[in-house]
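Take a look at the structure below.
The values are calculated or read from the model by the stated rules, or taken from the named source; none is laboratory data. If you're wondering where the values come from, they're calculated on a predicted model, not measured in any experiment. Heads up, the Cβs are rebuilt from the backbone with ideal geometry, glycines too, and the neighbour counts pull from every protein chain shown.
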């Protein structure tokens, strides 16, 4: 590839609405261009990155025994109605009608269509197991698309679906996909963690996320640096930090706390540790007709936060919940938010305490009277024993029951594997006949990789003030040759073309920059684009029999004899 015959159009400044580095740098490097909010054209350089990601994904999926097909972007609503997701999925599901007023969706995922295929194609135990996958455009009508390819509306995804005769064999399929994902992300050259995760809207019972480690990631990952343990913070069990409840050594006192509606302000005012305070969070559940069912008070320590995924799994919360309104709070507690607590509520209320709160003694909580808190509060003496559950987020330094302390880092979810069981196969009637001619429901697994999101996540993980730093495996080109004075020096031109041909012969993905631009602009372009290796050829170096080789990831400069350049570069690429 010669740069003069390729499309390279870099920008000095990123668009004002580009908030994160990947969005800024992909726009500046000419890899994407916005067509509408959350919808992008993949320009030639960006498309090369996507194709390389897809290539690695395909190779490892095929190696794992999955079979590629291609399912439609537009899907009939009837299938979504059968699964129950037509109503349950929410406004992110873009519903459309054709000219005959028939309902369709722009697919955000393909569980329904692939299950429909299997219920019509798979009839016998002899046809199982089977795993179908495709790489296809998806659409989710995000309310506020942002961060470029990180949270767009249209995106490219690989999704796979395994079908097995029973749960045991389905777990084997799950494990095979998990291992394939590990190989994929290792080959992509990304620093990642596989973490235990919540199944979310997809459903199912077993789930792992593959998270690219990046400081700008939206997800929090809990892990133990001394072990292999890692989990999304939504799922990570939070240990009880108090082994045994202490004695009730303080009297219960209603203490003035003016202008202190938050635990931090209360602790500061009373000159007590924040860990002595208890935070009140009020949720409500509704009946089927939409009227209020009950108000529930959740208690966590003042330095902790409620984990809403854990809350969603509490008894009575499975059907959905919400934050209580201020009107409901005043009606129940007789007080506005900021001074709420479990003592002397206006109406009887269910109290749920986090495991750590349940073992606290002589603690501080709201008095349900604006401007006042209770100090010296003790379970059993001052209020009934609560229902006790793990309802908080893990924090940095929490002890791991397996030993050591837990740490937290940020990540970007780029892959997710689920064991679905019969969530979709039962709803859509996907069954098979076993050896005895008996009908049984097929067990399913679901496995997704955000192909376009990986390109953005890789940039979030690795960039500097000059631009992108691609891993070799997914860089648009592996090597760029930058001749200085190509059109003025026969020696430079001949050396550049010879080296270009020699590298191509070795299978190196190389581009020769034969544009008539100044060296500074040329170098800046390729540093912005993020090509892993740059070779500079100039008359001065050739007179000394050498070229300059620069590694993008660390800026290391090496002067290499001309005749050794191909060998040096190919060895350097093996380390990247």
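Out of all the residues in the stretch 134-141, is one or more part of a helix (DSSP H, G or I) and either closer than 16 Å to residue 434 by Cα or within 18 Å of the chain's Cα centre (by Cα) (or both)? Break it down into steps so the answer makes sense when it comes.
Taking the stretch 134-141 first, the residues part of a helix (DSSP H, G or I) are none.
No, that holds for no residue.
Is it true that some residue in the stretch 271-280 is in the same structural domain as residue 258 (by TED's automatic domain parsing), more than 22 Å from residue 389 (Cα to Cα) and either within 32 Å of the chain's Cα centre (by Cα) or modelled with pLDDT under 95 (or both)? Give the steps one after another, and end with the answer.
Here is the first cut: in the stretch 271-280, the residues in the same structural domain as residue 258 (by TED's automatic domain parsing) are 271-280.
Those still in the list that are more than 22 Å from residue 389 (Cα to Cα) too: 271-273.
Within this subset, residues satisfying the condition of being either within 32 Å of the chain's Cα centre (by Cα) or modelled with pLDDT under 95 (or both) are none.
No, because not a single residue in the stretch 271-280 is in the same structural domain as residue 258 (by TED's automatic domain parsing), more than 22 Å from residue 389 (Cα to Cα) and either within 32 Å of the chain's Cα centre (by Cα) or modelled with pLDDT under 95 (or both).
Going through 572, 528 one at a time, which residue ends up being closer than 29 Å to residue 51 by Cα and in contact with a helix residue (DSSP H, G or I) (Cβ under 7 Å, 6 or more places away or on another chain)? Reasoning before the result, please.
Values: 572 fails: in contact with a helix residue (DSSP H, G or I) (Cβ under 7 Å, 6 or more places away or on another chain).
Residue meeting the stated conditions: 528.
For the structure I just gave you, tell me whether residue 30 is in contact with a helix residue (DSSP H, G or I) (Cβ under 8 Å, 6 or more places away or on another chain), under 22 Å from residue 138 (Cβ atoms), crowded, with 19+ Cβ neighbours inside 10 Å and modelled with pLDDT of 95 or more. Can you show your working first?
Working: in contact with a helix residue (DSSP H, G or I) (Cβ under 8 Å, 6 or more places away or on another chain): yes; under 22 Å from residue 138 (Cβ atoms): no; crowded, with 19+ Cβ neighbours inside 10 Å: yes; modelled with pLDDT of 95 or more: yes.
Here the answer is no, as residue 30 does not meet what is asked.
Determine, yes or no, whether residue 255 is at pLDDT below 95, surrounded by fewer than 19 Cβ atoms within 10 Å (Cβ to Cβ) and over 25 Å from residue 394 (Cβ atoms). It would help to see each step written out before you state the result.
Working: at pLDDT below 95: no; surrounded by fewer than 19 Cβ atoms within 10 Å (Cβ to Cβ): yes; over 25 Å from residue 394 (Cβ atoms): yes.
When the stated conditions are applied, residue 255 does not pass them.
Could you tell me how many of the residues in the stretch 119-133 are outside any strand (DSSP E or B) and in contact with a helix residue (DSSP H, G or I) (Cβ under 9 Å, 6 or more places away or on another chain)? Break it down stepwise before answering.
Residues of the stretch 119-133 outside any strand (DSSP E or B): 119-123, 125-129.
Imposing the further condition that a residue be in contact with a helix residue (DSSP H, G or I) (Cβ under 9 Å, 6 or more places away or on another chain) reduces the set to 121, 127-129.
Going through the stretch 119-133 one residue at a time, the tally reaches 4.
Among the strands (runs of 3 or more DSSP E) lying completely within the stretch 484-555, list those that include at least 2 residues that are under 26 Å from residue 473 (Cβ atoms) and without any contact (Cβ under 8 Å) to a residue 24 or more places away in the chain.
Working: elements: 510-512, 533-537, 546-551.
In the stretch 484-555, the matching strands (runs of 3 or more DSSP E) lie at 546-551.
Quick one: what pairs do we get from the stretch 163-180, first residue assigned by TED's automatic domain parsing to the domain that holds residue 127 and in contact (Cβ under 8 Å) with a residue 40 or more places away in the chain, second surrounded by 15 or more Cβ atoms within 10 Å (Cβ to Cβ) and in a helix (DSSP H, G or I), C-beta under 7 Å, 6+ apart or different chains?
Listed by first residue and then by second, the contacts come to 163/118; 164/170; 164/173; 165/125; 180/60; 180/61.
Run down 296, 311, 281, 300 and say which single residue is touching a helix residue (DSSP H, G or I) at 6+ places or on another chain (Cβ under 7 Å) and either farther than 17 Å from residue 372 by Cβ or part of a loop (DSSP other than H, G, I, E, B) (or both). Step through it out loud before you land on a result.
Numbers: 296 fails: touching a helix residue (DSSP H, G or I) at 6+ places or on another chain (Cβ under 7 Å); 311 fails: touching a helix residue (DSSP H, G or I) at 6+ places or on another chain (Cβ under 7 Å); 281 fails: touching a helix residue (DSSP H, G or I) at 6+ places or on another chain (Cβ under 7 Å).
None of the others qualify; the one that does is 300.
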